[in-house]
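Just so it is clear, none of the values below were taken in a lab; they were calculated from the coordinates. Source: prediction; values computed, not measured. Every residue, glycine among them, receives a Cβ derived from its backbone with ideal geometry; neighbour counts consider all protein chains shown.
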């Protein structure tokens with residue numbers, strides 16, 4: 001079951017869903033539109049190693065926009081900071097974004113109960129596309145959880161992405177033991 005617009009508003013009133021900034025006009029019948037933040041990042045190395053800390057370089061999207069190129073993984077960030085304390089949030093690309101050949105996440109579309117932060121986006125394109133800070137890129141949908149949560153994400157000692165800032169965050173795979 002997906003939360004409706006009325007239920008999202010009710011949950012926001014209770015504080016179990018937080019979206020900042022919030023604009024009522026961005027609330028769909030069962031989702032909330034999120035927007036591309038002003039920062040992008042790319043990995044500094046041409047070849048990445050899952051066991052090593054792969055560093056990124058941040059840059060700001062100017063008012064004139066920025067042209068994304070194929071075969072480059074860009075890390076973006078949502079303009080919106082969100083908290084989800086009783087539901088599972090899913091981030092999906094908007095159809096208008098997809099029709100431009102933009103993928104906003106490679107695999108990480110599901111958040112955890114207790115996630116608090118801006119969403120890092122794993123952006124890739126099929127053809128060169130100019131993007132702009134503040135453009136709609138995705139939509140959050142919320143699913144209720146069956147049962148009680150023992151430890152929410154933001155309370156886990158190994159939560160690598162809790163409290164994400166308004167800048168893209170690189171992979172923290174290197175913190176895993178394997």
>> Run the simple label-point estimate for residue 18 and residue 48 please: 7 Å along Cα→C-beta, distance reported in nm.
In response: 2.9 nm
>> With the cut-off at 1.5 for a/c, could you classify segment 73-177 from its C-alpha gyration tensor as rounded, prolate or oblate?
In response: prolate
>> At R0 = 30 Å, how high is the FRET efficiency between residue 6 and residue 106 if r is their beta carbon distance? Nearest 0.05 is fine.
In response: 0.40
> Rounded, prolate or oblate: which one fits segment 1-48, using the alpha carbon gyration tensor with axes a ≥ b ≥ c (rounded when a/c is under 1.5, else prolate when a/b beats b/c, else oblate)?
Replying inline: prolate
>> Which of 146, 170 has the fewest other C-beta atoms within 10 Å, and how do the rest follow up to the most?
In response: 146, 170
>> Quick check on the exposure proxy: order 25, 162, 96 from fewest to most C-beta atoms within 10 angstrom.
In response: 25, 96, 162
> Using a Gaussian network model of the chain with C-alpha springs under 10 Å, which one of 89, 136, 152 is most mobile by mean-square fluctuation?
Replying inline: 152
> Is the shape of segment 42-106 best called rounded, prolate or oblate, per the rule: a/c under 1.5 gives rounded, else a/b larger than b/c gives prolate, else oblate, with a ≥ b ≥ c the square roots of the Cα gyration tensor eigenvalues?
Replying inline: oblate
> If you average the sequence gap of Cα pairs under 8 Å that are 6 or more apart and divide by the length of segment 56-130, what percent do you get for the contact order?
Replying inline: 47 percent
> Of all DSSP beta bridges in segment 63-178, what percent run antiparallel (nearest 5)?
Replying inline: 95 percent
>> Would you calculate the convex hull of the Cα atoms in the chain and tell me its volume per residue in Å³?
In response: 125 Å³
